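Peer 1: Please read through the structure below; I'll follow up with questions.
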Amino acid sequence: MKTVVLHPDRDRSVRRRHPWLMSGAIARIEGAPEAGEHVAVRSAEGEVLAHGHFEPGSQIRVRLLAFGKEPEDEGALGVRVAAAVARRVADPLLAGTDALRLVNAEGDGLPGLVVDRYAGVLVVRPSTSGMLRRAAAIAAALRGATDAGAALLRPDAVSLRRAGVDAGDATLWGEPPDAPVAITERGRRFRVDVRQGQKTGFYLDQRDARDLVATLAAGRRVLDAFAYTGGFAVAALQGGAVHVALIESSQTALALAREHVAFARERAECRADNAFEVLHAGIEDVDLVILDPPPLARRKDDVKRAARAYKDLLLHAFAGPRAGRLVLAFACSHHVGPELFGKIAFGAALDAGRRVSVLRELGAPSDHPVSLDHPEGRYLTGLLLRVDG
Ligand code: SAH
């Protein structure tokens with residue numbers, strides 16, 4: 001088998017079962033593996049430690065799938081896919097929705113692969129050449145493990161291009177519809193653009209937060225900033241909000257949001273606008289503010305700038321006359337965890353001259369499991385805050 005040989009003393013992370021082997025740990029590569037090919041990983045002393053997919057253009061040079069001496073046979077991938085699906089079926093925390101993540105990459109022992117289900121349609125999203133190459137085997141496993149009538153291959157083109165791989169969308173089976181797919185999540189109805197929408201079309205990772213918003217919204221005036229297709233706005237309307245304002249910069253997202261809130265048109269207002277400017281202009285009469293910006297810190301170098309942007313948003317959310325205002329704020333980057341996000345919020349509270357309490361910490365729901373071997377998989381942090389005085 002083609003082999004990646006580590007530098008002396010660079011075997012620690014592999015021995016700790018971390019699924020990413022970084023390029024800097026590699027001394028040499030034997031046998032010229034192709035993009036995505038299965039390789040063995042050997043220590044400088046000659047011990048075989050793991051096996052995984054070779055990613056030539058990527059900083060994460062090998063995605064490890066198996067630890068120990070034995071290579072994985074190709075059939076193991078299908079077994080893992082089926083096991084990931086079975087875990088969702090058995091999970092009572094995922095009741096009441098026909099839209100969920102079936103495969104969550106490292107969290108399911110499948111680095112480089114995300115699969116989302118929207119009613120009868122699956123969206124398969126490989127972000128590595130290893131998983132892209134094996135799309136047919138992955139599709140066969142999904143067909144066996146689900147009753148989905150159609151599946152779309154929608155590779156993560158940005159990640160793949162960074163690794164030097166060009167990949168387009170394709171049908172895996174059935175006829176994925178051109179029109180948005182209707183889903184129902186705990187009484188909330190959405191249509192998901194699986195072909196053009198952000199990520200695979202919908203923010204499945206905010207499902208539990210939507211439940212929370214539905215619980216909190218009764219009688220309140222709500223601002224859903226960075227609304228995308230209005231997931232939080234629909235939850236707030238479902239929960240009895242008296243008024244919801246949606247702010248979103250993308251017109252295509254807003255068009256779907258308008259459809260989604262149509263059931264309570266008289267209580268909803270959709271605006272194509274810059275959420276930063278809306279907050280700067282003042283939001284005096286709002287008593288539940290939801291801040292769910294795009295990832296402001298994709299890389300570690302971005303953290304300082306991102307912290308300033310988060311602080312700016314929070315400062316304006318804390319300002320104004322309403323004591324008792326709730327602020328539900330999210331950071332979706334592994335680099336901004338609960339501790340740092342809490343510190344940023346504290347800085348904003350000091351500047352705003354307000355006493356602010358944390359009522360609850362949130363993360364992604366259980367269809368987005370995080371393996372303890374791979375803490376980077378925890379990327380979503382939410383804080384429910386109350387402005388006390
Ligand atoms: N809350 C959404 C997901 C938000 S993703 C949900 O649960 O579905 C972040 C969104 O912010 C994207 O839809 C993006 O188009 C939008 N966005 C980015 N910059 C913005 C800005 N300055 N003002 C308003 N919206 C913005």
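Peer 1: Relative to the Cα centre, what is the charge dipole magnitude of the chain, using +1 at the beta carbon of each Lys and Arg, -1 at the beta carbon of each Asp and Glu, and rounding to the nearest 20 debye?
Peer 2: In total the dipole reaches around 580 debye.
Peer 1: Would you mind checking Lys2/Lys69; Lys199/Lys343; Lys199/Lys304; Lys199/Lys311 for any pair whose Cα atoms are more than 23 angstrom apart?
Peer 2: Numbers: Lys2/Lys69 14 Å; Lys199/Lys343 29 Å; Lys199/Lys304 25 Å; Lys199/Lys311 26 Å.
The pairs that break the limit, which is 23 Å between Cα atoms, are Lys199/Lys343; Lys199/Lys304; Lys199/Lys311.
Peer 1: Let me ask another. Against the longest alpha carbon principal axis of the chain, how many degrees, from 0 to 90 and to the nearest 10, is the axis of helix 338-352 turned?
Peer 2: The angle comes out near 30 degrees.
Peer 1: Please give me, ordered by residue number, the trypsin sites (Lys or Arg not before Pro) of the range 211-283 that lie in loop per DSSP and have at most 16 other Cβ atoms within 10 Å.
Peer 2: none
Peer 1: I want the local charge near Ser13. Using Cβ-Cβ distances under 12 Å, sum +1 for each Lys or Arg and -1 for each Asp or Glu among the other residues.
Peer 2: Around Ser13, the surrounding residues sum to +1.
Peer 1: Let me ask something additional. Given H placed 1.01 Å from N in the peptide plane, which residues other than close sequence neighbours of Leu291 have an amide H under 5 Å from its amide H?
Peer 2: Result for Leu291 returns Leu328, Ala329, Phe330.
Peer 1: Here is a follow-up. Which of the listed residues, Leu142, Ile26, Ser357, is farthest toward the dipole's positive end in the chain, when Lys, Arg count +1 and Asp, Glu count -1 at the beta-carbon?
Peer 2: It is Ser357, whose Cα lies furthest towards the positive end.
Peer 1: Between the range 172-190 and the range 257-288, how far is it from one alpha carbon centroid to the other, in angstrom?
Peer 2: Answer, in whole Å: 25.
Peer 1: For the chain, take the longest principal axis of its alpha carbons; what is the angle in degrees between that and the long axis of helix 251-260, to the nearest 10 within 0 to 90?
Peer 2: 70 degrees
Peer 1: Of Asn274, Ala345, Ala264, which is farthest along the charge dipole of the range 248-389 in the positive direction, counting Lys and Arg as +1 and Asp and Glu as -1 at C-beta?
Peer 2: Going by the Cα projections, it comes out as Ala345.
Peer 1: Could you state the number of Å between the C-alpha centres of the range 133-154 and the range 191-244?
Peer 2: About 29 Å separates the Cα centre of the range 191-244 from the one of the range 133-154.
Peer 1: Among Leu246, Leu49, Leu204, which one moves the most in a GNM of the chain with springs linking Cα atoms closer than 10 Å?
Peer 2: Leu49
Peer 1: Residues in the range 61-96 near a label at Lys300, defined as backbone nitrogen under 17 Å from the 7 Å Cα→Cβ point?
Peer 2: Hits in the range 61-96 for Lys300 at 17 Å: 61.
Peer 1: Next up: For labels at Ala83 and Arg360 in the simple 7 Å Cα→Cβ model, what's the distance in nm?
Peer 2: About 3.2 nm separates the two model spin labels.
Peer 1: Using Cα-Cα distances under 8 Å and only pairs 6 or more residues apart, what relative contact order does the range 1-105 have, in percent? Intermediate values should be presented prior to the final figure.
Peer 2: Working: 171 pairs, mean separation 23.6, N = 105.
With pairs under 8 Å counted, the relative contact order is 22 percent.
Peer 1: Quick one: angle between helix 75-89 and the longest Cα principal axis of the chain, in degrees between 0 and 90, rounded to 10, please.
Peer 2: Roughly 20 degrees between the two axes.
Peer 1: Can you bin the range 2-87 into rounded, prolate or oblate? Criterion: square roots of the alpha carbon gyration tensor eigenvalues sorted a ≥ b ≥ c, rounded for a/c under 1.5, prolate for a/b above b/c, oblate for the rest.
Peer 2: Because a/c hits 1.5 or more and a/b exceeds b/c, the range 2-87 counts as prolate.
Peer 1: Let me ask something else. Below 8 Å between Cα atoms, with a sequence gap of 6+, how large is the relative contact order for the range 244-389 in percent?
Peer 2: On the way: 235 pairs, mean separation 33.7, N = 146.
Over the range 244-389, the number comes to 23 percent.
Peer 1: Another question about this same structure. Give me log10 I(q)/I(0) at q = 0.09 Å⁻¹ for the chain, Debye formula, one equal scatterer per alpha-carbon, no solvent.
Peer 2: -0.57
Peer 1: Still on this structure, I have one more. Rg to Rh ratio, the range 300-388, alpha-carbon atoms and Kirkwood radius?
Peer 2: Result: Rg/Rh = 1.01.
Peer 1: Could I ask something else about it? Assigning unit charges at the beta carbon (Lys, Arg +1; Asp, Glu -1) and nothing else, what dipole magnitude in debye, to the nearest 20, does the range 264-327 show about its Cα centre?
Peer 2: Magnitude of the dipole: close to 420 debye.
Peer 1: A further question on this structure: May I ask you to compute the full-extension gain from Glu34 to Gln196, defined as 0.36 nm times their residue separation minus their alpha-carbon distance, rounded to one decimal in nm?
Peer 2: Values: separation 162, 0.36 × 162 = 58.32 nm, distance 3.03 nm.
55.3 nm is the gain from fully extending Glu34 to Gln196.
Peer 1: Over all distinct alpha-carbon pairs, what is the Kirkwood Rh of the range 195-235 in angstrom?
Peer 2: For the range 195-235, inverting the mean 1/r across all distinct Cα pairs yields 11.1 Å.
Peer 1: Which residues' amide hydrogens lie under 5 Å from the amide hydrogen of Trp20, considering only partners 5 or more residues apart or on another chain, with H built in the peptide plane?
Peer 2: HN-HN under 5 Å from Trp20: Leu64.
Peer 1: From the Cα gyration tensor of the range 257-300, with a ≥ b ≥ c the square roots of its eigenvalues, which class applies: rounded if a/c is under 1.5, or else prolate if a/b is larger than b/c, or else oblate?
Peer 2: oblate
Peer 1: Here's something else I'd like to know. Report, in debye and to the nearest 20, how large the dipole of the range 65-142 comes out about its Cα centre when Lys and Arg carry +1 and Asp and Glu carry -1 on their Cβ.
Peer 2: Here the size comes out at about 140 debye.
FYI, it's all coordinate maths here, none of it is from the lab. Since the model is a prediction, treat every value here as computed from it, not as a measurement. Positions of Cβ are generated from backbone atoms using ideal geometry, with glycine treated the same way; all protein chains shown enter the neighbour counts.
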